[in-house]
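In what follows, a single structure is set out as structure tokens and then discussed.
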Amino acid sequence: MIKLVDVEKYYANKFIKTWVLRNINLTIHEGDFVSIMGPSGAGKSTLLHIIGMLDDMSGGEYYFMDEPVHKLNEKKRTAFHQQYIGFVFQAYHLIDELTVYENLETPLLYKKVKTAERKSMIADMLDRFNIVAKKDLFPNQLSGGQQQLVAVARALIINPKIILADEPTGNLNSKQGLEIMEMLKQLNKEGTTIIQVTHDENKAAFGNRIIHLADGYVEKEEQHG
Amino acid sequence: MIKNYFKIAVRNLLKYKSYAIINLLGLSIGMASVILIMLYVNFETSFDIYNKNADRIYRVTREWFNSDGSTSIYFGFVAPPIAPLFKNDFEQVEQAVRIAQAGIANLKYQDKIYQAEMLSADPEVFDVFTFPFIQGDPASALQIPNGLVLTQSTAQKIFGNKNPLHQILILPVTKDIQIDLIVTGIINDPPVNSHFHFEALNSMVGLRQFYGEEEFSNWGSNNYATYILLKEGANVENINRAIPQFLIKHLGDNANEWNTLHLQPLKNIHLHSHLDAEFEPNGNIIYVYILSIIAVIILMLACVNFINLATARSTTRVKEIGIKKVVGANRRQIIVQFLGETFILSIMSLLIAIGILVILRPVIQNFFGFTILENNVTGLILPVISLSVIVGLFAGSYPAFYMAQFPPLLILRAFQQSRTLKSSLRKALVISQFSISIILMICLGVVFEQLNYCKNKDLGFDKEQLLNLPANREMIDNYEAFKARLMQNPNIAGVTASKRVPSAGLADNSEATVYFDKKEMTLGFRLANVRVNYDFLQVYGIKLAAGRDFDQTYATDNGYAFILNETAVQKIGWKSPSEALDQPMTYGGLRGQIIGVIKDFHYESFHKSIAPFMLFIAPDDFNTITIKLAPQTHNTFQETAAFLKSIWQEYLPNDTFHYTFLNDRYNRLYNTEQKQGNLLTLFSLLAIFISCLGLLGLVSFFTQRKTKEIGIRKALGASIPGIILYLTSSYIKWIVMANIIAFPVAWYAMNKWLQNFAYHVNMKMWVYLVAAATVLLIAMLSVSWQVIRAATANPVEALRYE
């Protein structure tokens, strides 16, 4: 599903190149649950952003469902977002001015989903995450765990092939964190590919593959079950 | 989708209320100014177009030349023979009519006197001008010599609900003569946007019977506004080309050397015609232009505020944009969203602006001196709506495109202290805003200094304590007795009479000859005259440079003695006033001697240089009596006025007593400038207000962003004044730069404006400095409120919040 070939990323500052990622070769198959681990500054988030097409590569090739992403224009990439990719962030990143309901609606609006269909999709999602009662609240009226729940729901609502999660439990207490991880695990079982960034070994263990990054290189990879 | 945008827009407005208020206030004031100026411009440019045939109507004007070919005088009124001759001589002229001013008529109906502004017009006037008849027949109404056409409101005033048609009104002309006028027509009141107004029209046929054929063949009686209606498809150029031949035919071979006729399109009269004689003071196209420019400037100031604030505050929207992009929005959708937000704001501002105008409507009409007409308003609906679209586009485009290009990662990296977002553009915009405010302030200063100068400068005579009374034929006959009666009152220091009074134009002139080496020589320039009565110099306090005043004891002073002003003496070529004394001179058929030379004084407004003119005694030819009050009359003025009225009514029981102060007449000469000054005050205050509003928004935003920095600096030992200086120094720098730009522009503009005056103030540096200081002060006041708050805050508080 995802194939990275010799991907590298650096920031050029006058004469000094600061390397973030080097020599990344990685293949991720449909149905994988990949955890990316590593110390701060290892390039975990950057790798996730590149996979999520939010950031450009400095070099290398990136195939997403056999499409060469490194050759695509912005429009095409936006189309990929809308269709296949859902994001979950450490800081939730809900739109503060919109209610839970409206936050869930936003991706569908950009996907130009018809009103009636939209309503039923949102209703389903509220139901599934058990947040029907919260639908008219604004993000700042929810706890962190609830906000992240909404964020996961928002990521899922477009029915993505893959969910990219950047430290999804980083801002949550352990109980809430565990709930979110269980949720992701469940989604994975239902067929959604998941890539998460974390530095918590316990959370990483939810994945079937763990990729360790250090100083921009893939240090090692572990396979589970 | 639109609903989503709308929700976000409204919630953002509610969340950042002060920001929303600043934007709404700025934009709505800007829009209100623009709509106001649109209404004004629309009104000013709508004059006379109510006439169905406006495009084919021209006014005939007449220009006279000095011997050197320069213009000596230029009238909007011409001689009575011209209209019939045009109709006769030019095949392309369909109709030609004359309209003459008849002044305020005292119309008597059932023992009550009604005053009405009257014009005399040829019967065919309704063929040319469109005055719809409510009653009566336009073709015949003024064919009857004593026919009278009234406007609806005048008819209402006099007759109430009675049918006015065929009623008789009595017009007293002199003590012994009165004319019965018969109402033959009622017309709609002429529109406000007409270059002449009237309440009653009487027949030129009747006027002709009254004055006689001599007047109507007199090429020297230039009192008849003459309008021609061209045939359809006729070209006015053909007539223009034929005018020299026309003048030769009727006035002799050299006619074109000393005068000519022009054809003025009717629709141009109000804004383009400023001749020496007009029905009413006209508007000026220059002011229409100036105000239009000011409107655009004010609107731009408001839009600039919006752009500045929107881009400065864009960081608060970074997260939302980023998320939207992550969940699938593209650039175009973000642009549409932000443009949409601006449109919402723009429409809200438009509604507020309209509200402001509706509430302030009476004040505005008074202040601007124009009427907001129905058709003005309906005609402006489309432009006004497009105004809000233009504002939305102009103010919204840059922020929208600017924000749409934020990469989504900006937020994902929690990259709060984003790049210094094109701050140079913002700086430039703020500086230009303040430049404009300073320019307007300087203009304001110079205009008022000049007005002050005009009103207070020594005119060369004493204009205080002078009353003017209009005199009619009956009063002229009784003048000597009236004067003798008045002089018995100790509160009255002097009485005189004259054909014209200072402050009015020097409109009369005749050919003059003087003698050099016993050779008679015609003067090559226009020597104007004022026909006066005895005591003129004494009443007006005009000083003699040589010779003596007119004296009743010299029989020859009546018609055979002339007094010149210094400019006239100089222009004729005499080296000193005393050299002119006793020189023989002829003036318009009068043969006499120069008995005195008066010191120059400002007879006309400061727009004009002092013109050469002369005085001579014409005991029966005056229309104004001037009374000088004795100095102590301040407290006794009411008493004196009552006395004047009682004496006046002894002689003219039918006439209403009416006086004006000469002082007011002088002040009225600068009405246009006063109006301009008022407008400038209004708009420069608005401009400064809008600029400061924008600055306030920027400052409060940046100061907020600097809370942490201020906290750290204070924790490190910075003093409060130090922090204030640190925070304000960049704003001071901006305003200093705004001054550097503003000064030369203002100097250039005001130098041009002052050229309109033959006598004007020199621009003084202090005006510039005061303007600069005022703007700086106002700006600093709006800045300091925020800054002081930030500087005095407890640093611990500031740091704890991070």
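Values for this structure:
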quantity	calculated
Complete set of residues in the range B:595-634 that are charged (D, E, K, R) and either surrounded by 17 or more Cβ atoms within 10 Å (Cβ to Cβ) or closer than 18 Å to B:Leu486 by Cα (or both)	B:Asp600, B:Glu604, B:Lys628
Top-ranked residue in the range B:500-540 [being farther than 24 Å from B:Tyr74 by Cα and among the acidic types (Asp, Glu); ranked as surrounded by the most Cβ atoms within 10 Å (Cβ to Cβ)]	B:Asp535
The one condition in (1) in a helix (DSSP H, G or I); (2) at pLDDT 90 or above that A:Gly145 fails to fulfil	(2)
Pairs where the first residue, in the range B:556-567, is of a type in the set (S, T, N, Q) and in a strand (DSSP E or B) and the second is buried (at least 24 other Cβ atoms within 10 Å of the Cβ) and modelled with pLDDT under 95, C-beta under 7 Å, 6+ apart	B:Asn565/B:Ile598
Elements of type strands (runs of 3 or more DSSP E) contained in the range B:185-283, each with 2 or more residues being of a type in the set (Lys, Arg) and surrounded by 15 or more Cβ atoms within 10 Å (Cβ to Cβ)	none
B:Ile8 being in contact (Cβ under 8 Å) with a residue 40 or more places away in the chain, among the β-branched types (Val, Ile, Thr), in contact with an Asp or Glu (Cβ under 7 Å, 6 or more places away or on another chain) and within 14 Å of chain A (Cβ to nearest Cβ)	yes
Residue within the range B:753-763 that is modelled with pLDDT of 80 or more and assigned to a helix (DSSP H, G or I) present	yes
Any hit, the range A:67-82, residues being away from every other protein chain (no Cβ under 14 Å) and within 27 Å of A:Ala151 (Cα to Cα)	yes
Single residue of B:Ala771, B:Ala779, B:Ala715, B:Ala746 found to be surrounded by fewer than 19 Cβ atoms within 10 Å (Cβ to Cβ), in contact (Cβ under 8 Å) with a residue 60 or more places away in the chain and in contact with a Leu (Cβ under 9 Å, 6 or more places away or on another chain)	B:Ala715
Enumeration of residues in the range A:115-130 that are closer than 16 Å to A:Val150 by Cβ and either free of Cβ contacts under 8 Å to residues at least 12 places away in the same chain or not in a helix (DSSP H, G or I) (or both)	A:Ala123, A:Asp124, A:Asp127, A:Phe129, A:Asn130
Filter result (closer than 25 Å to B:Arg473 by Cα and surrounded by 19 or more Cβ atoms within 10 Å (Cβ to Cβ)) within the range B:151-180	B:Leu169, B:Leu171, B:Pro172
Residue within the range A:56-64 that is within 14 Å of another protein chain (Cβ to nearest Cβ) and modelled with pLDDT under 90 present	yes
Any hit, the range B:316-338, residues being over 25 Å from B:Phe434 (Cα atoms) and more than 13 Å from chain A (Cβ to nearest Cβ)	yes
Subset of the range A:121-163 [among the charged types (D, E, K, R) and closer than 25 Å to A:Gln83 by Cβ]	A:Asp124, A:Asp127, A:Arg128, A:Arg154, A:Lys161
Residue that is among the β-branched types (Val, Ile, Thr), in contact (Cβ under 8 Å) with a residue 24 or more places away in the chain, under 27 Å from B:Ile228 (Cα atoms) and surrounded by fewer than 16 Cβ atoms within 10 Å (Cβ to Cβ), where the choices are B:Thr45, B:Thr61	B:Thr45
Residue match in the range B:49-56 (condition: closer than 30 Å to B:Arg526 by Cβ and either more than 24 Å from the chain's Cα centre (by Cα) or surrounded by 19 or more Cβ atoms within 10 Å (Cβ to Cβ) (or both))	no
Those residues of the range B:582-607 which are over 12 Å from B:Glu566 (Cβ atoms), touching a helix residue (DSSP H, G or I) at 6+ places or on another chain (Cβ under 7 Å) and assigned to a loop (DSSP other than H, G, I, E, B), in sequence order	B:Phe606
Residue that is modelled with the lowest pLDDT, among those in the range A:83-104 that are more than 7 Å from chain B (Cβ to nearest Cβ) and assigned to a helix (DSSP H, G or I)	A:Gln83
Among (1) closer than 26 Å to A:Ala204 by Cβ; (2) at pLDDT 90 or above - the single one A:Ser120 does not satisfy	(1)
Within the range B:606-649, considering residues that are of a type outside the set (Lys, Arg) and without any contact (Cβ under 8 Å) to a residue 40 or more places away in the chain, the one nearest to B:Ile542 (Cα to Cα)	B:His634
Residue under evaluation A:Asp136, criteria (1) assigned to a loop (DSSP other than H, G, I, E, B); (2) at the interface with chain B (Cβ under 9 Å from one of its Cβ atoms); (3) at pLDDT 90 or above, criterion not met	(2)
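The rows are residues; the columns are (1) in contact with a Pro (Cβ under 9 Å, 6 or more places away or on another chain); (2) in a strand (DSSP E or B).
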position: B:Ser67; (1), (2): no, no
position: B:Pro80; (1), (2): no, no
position: B:Pro84; (1), (2): no, no
position: B:Arg98; (1), (2): yes, yes
position: B:Gln101; (1), (2): no, yes
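The values are calculated or read from the model by the stated rules, or taken from the named source; none is laboratory data. Values in this document were obtained by computation on a predicted structure and should not be read as measured data. Reconstructed Cβ throughout: ideal geometry from the backbone, glycine too, with neighbour counts over all protein chains shown.
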